Structures are given as C-alpha cells and as structure tokens.
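The values are calculated or read from the model by the stated rules, or taken from the named source; none is laboratory data. Everything numeric here is computed off the predicted structure, so don't read it as measured data. Counting neighbours? That spans all protein chains shown, and the Cβs are built from the backbone with ideal geometry, glycine included.
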Ligand SMILES: NC(=O)c1ccc[n+]([C@@H]2O[C@H](COP(=O)([O-])OP(=O)(O)OC[C@H]3O[C@@H](n4cnc5c(N)ncnc54)[C@H](OP(=O)(O)O)[C@@H]3O)[C@@H](O)[C@H]2O)c1
C-alpha cells in the first residue's frame, strides 16, 4: 500500500481493539496516518500498537459511551495532535434479543455503543473540524438500520439511531467542508458474534446469501470512503442490490426477512405496509 502524500494525517478510530475498528486502525496506520485508537481494553490496544508501524498508533483507553471520558480524550488529542481529518465510529456491541429478554442495562449499553459513542466522539471534534473547514466522519452501520429482523430489537434501535445521527449531520454539515458517511456492511468475520453470544441464531437465512467480508476488506472500504467520501456506502455489492430492492419494494424485503427469520410463531398473515 503506498504511503500517503496528501490525504488524511490524523484519524480517530473507535472500537479499535477488535474486528472492523482494529483492521481499520491498522490499515490507516500502514498508509501513514497517525491513528488515535479508542476502546476500553488497554491490553488489546497495546497489542494493536505493536503490530502497526512505530509511532502511528496513539492509544486512548476510553469508554466512548461516557461523555466525560470522551471530552477528556478529545482534549488530550487536540493538545498533542491537533484536529482529526477523519473519524471512524466503529465502537459497537449488543446481543440480538427480543425486547422482553433485554435488561435495562443491556438497553443502555446498546444505545451507548454505537449510538452515543458516535455522537460523543463526533461532537467532541466537530466544532474544530468545522473551523478547519475539512474532515470526514464515517459511521459503521448495519442492515438493521433499514430493516430489523426478528429478535434484534435493541440492536436495531441503536443502529437506527446511528443512521439518524448520520442523516441529521448530513443536513447540518452542508457547506461546512466536513462530510458524513454511513457505511453499511453485511456479515463480517470479526469476533462480533463471539463477543455478543446468542446473536448469530437470530440471523435470517436470507442474510446468508450476502457474501461475508473480512474486517480487512471492510477497512479497505472505509479507507476509500475517507479518501472519497460518499453519503451512503453498502458493501459487498449484493448488499447494495438488496437495498435498492428495499427502497422500492420495502414490503418484499420485510417478507423475506420474516419468512427466513427466527419468528416466535409462524405468521398467519403478513401486515401490509
Ligand atoms: N460483525 C458484523 O457482522 C457486522 C456487520 C455490520 C455492522 N457491524 C457493526 O460494526 C460495529 C463493530 O463491529 P465488529 O464486528 O468490529 O465487532 P467487535 O469485533 O465486537 O468490535 C467491537 C469494538 O467496539 C468496542 N467498543 C464497544 N463498546 C465500546 C465503548 N462503549 N467504548 C469504546 N469502545 C467500545 C470494542 O472494544 P472494547 O470492548 O475494548 O471497548 C471493540 O473494539 C458494530 O456496531 C456492529 O454492529 C458488524
């Protein structure tokens, strides 16, 4: 991969201790970007820093769902490294469950990341990015932000909220020089399902038609999006095709998700939109 001569110099990547965020932090660091790697697990961030080119990973142990921790992190970053050119909001968690099986603390944790984490981290740097009149904010989203599937209630709510944040920023940022992108992947071969047990069982089988991506492939998509920002990015290609269908025939998409999902009971009749 060629080192950058122009393009981003400083990136903040959340969820950098695992999966898509980790691969993204490494990809950006290998391209010559200084990456502020944010997550809660210090040991995993230290292992990441050892794998990256020397001096390219700055570790920030931070629970991004907590506003005060994010403010302190952002103040340190701005004092030591100036304003980020790119933010990749990748921190996220949550087991796929029915609402009545989801505790209040699980609900709060799921709204905490990705939604609040993305809002806090973006909010902490946005004023400075607007002053610089440049920067790209990337939100790593899920198909659940468009069509929830059975037994993923709080997960879907948090991803809808993340998509809402992106859509609201899309309007707010017009004319500022700062861009926002919602980058949606299908299934990724990260540790997500190990980290959130009980989720995979709720995946509707229609989802298995979409080729899986590795975290490294996701990182390459995020890198391209940082270089050439677009508002909405779907990867792989078949997922994009699915969402063209969803846009024009949402009832068909819902039908497929219900027919192939883990429903409590077989639906007698599907509700019309
Ligand atoms: N895997 C998939 O199939 C897939 C597909 C589409 C979209 N996505 C979305 O992509 C995002 C990342 O998924 P992944 O597959 O990379 O999962 P992952 O391997 O489980 O990584 C999640 C990352 O988020 C961090 N994190 C969680 N809560 C945090 C918090 N409060 N503050 C800071 N960091 C936090 C975790 O680090 P610590 O625990 O160290 O804090 C970890 O680094 C999720 O929102 C997921 O919904 C995943």
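Whether a residue is within 16 Å of the ligand (Cβ to nearest atom), at pLDDT 95 or above and within 17 Å of the chain's Cα centre (by Cα) was assessed, and residue 158 passes this test.
To keep it simple, each residue is scored yes or no on (1) assigned to a helix (DSSP H, G or I); (2) at pLDDT below 95; (3) surrounded by 13 or more Cβ atoms within 10 Å (Cβ to Cβ).
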{"position": "183", "(1), (2), (3)": "no, no, yes"}
{"position": "206", "(1), (2), (3)": "yes, yes, yes"}
{"position": "226", "(1), (2), (3)": "yes, no, yes"}
{"position": "243", "(1), (2), (3)": "yes, yes, yes"}
{"position": "252", "(1), (2), (3)": "yes, yes, no"}
{"position": "268", "(1), (2), (3)": "no, yes, no"}
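Residues that are more than 19 Å from residue 188 (Cα to Cα) and outside any loop (DSSP other than H, G, I, E, B) within region 143-159 comprise 153, 154, 157, listed in sequence order. Can you confirm whether residue 151 is within 21 Å of the chain's Cα centre (by Cα), more than 22 Å from residue 44 (Cα to Cα) and surrounded by fewer than 17 Cβ atoms within 10 Å (Cβ to Cβ)? So residue 151 fails the test. Residue count for region 23-43 under the criterion of being outside any loop (DSSP other than H, G, I, E, B) and surrounded by 17 or more Cβ atoms within 10 Å (Cβ to Cβ): the result is 14.
Exactly one residue among 92, 112, 55, 127 is surrounded by fewer than 19 Cβ atoms within 10 Å (Cβ to Cβ) and either in contact (Cβ under 8 Å) with a residue 40 or more places away in the chain or not in a helix (DSSP H, G or I) (or both), and that residue is 55. From the list 99, 138, 107, the lone residue that is surrounded by fewer than 18 Cβ atoms within 10 Å (Cβ to Cβ) and within 16 Å of the ligand (Cβ to nearest atom) is 107.
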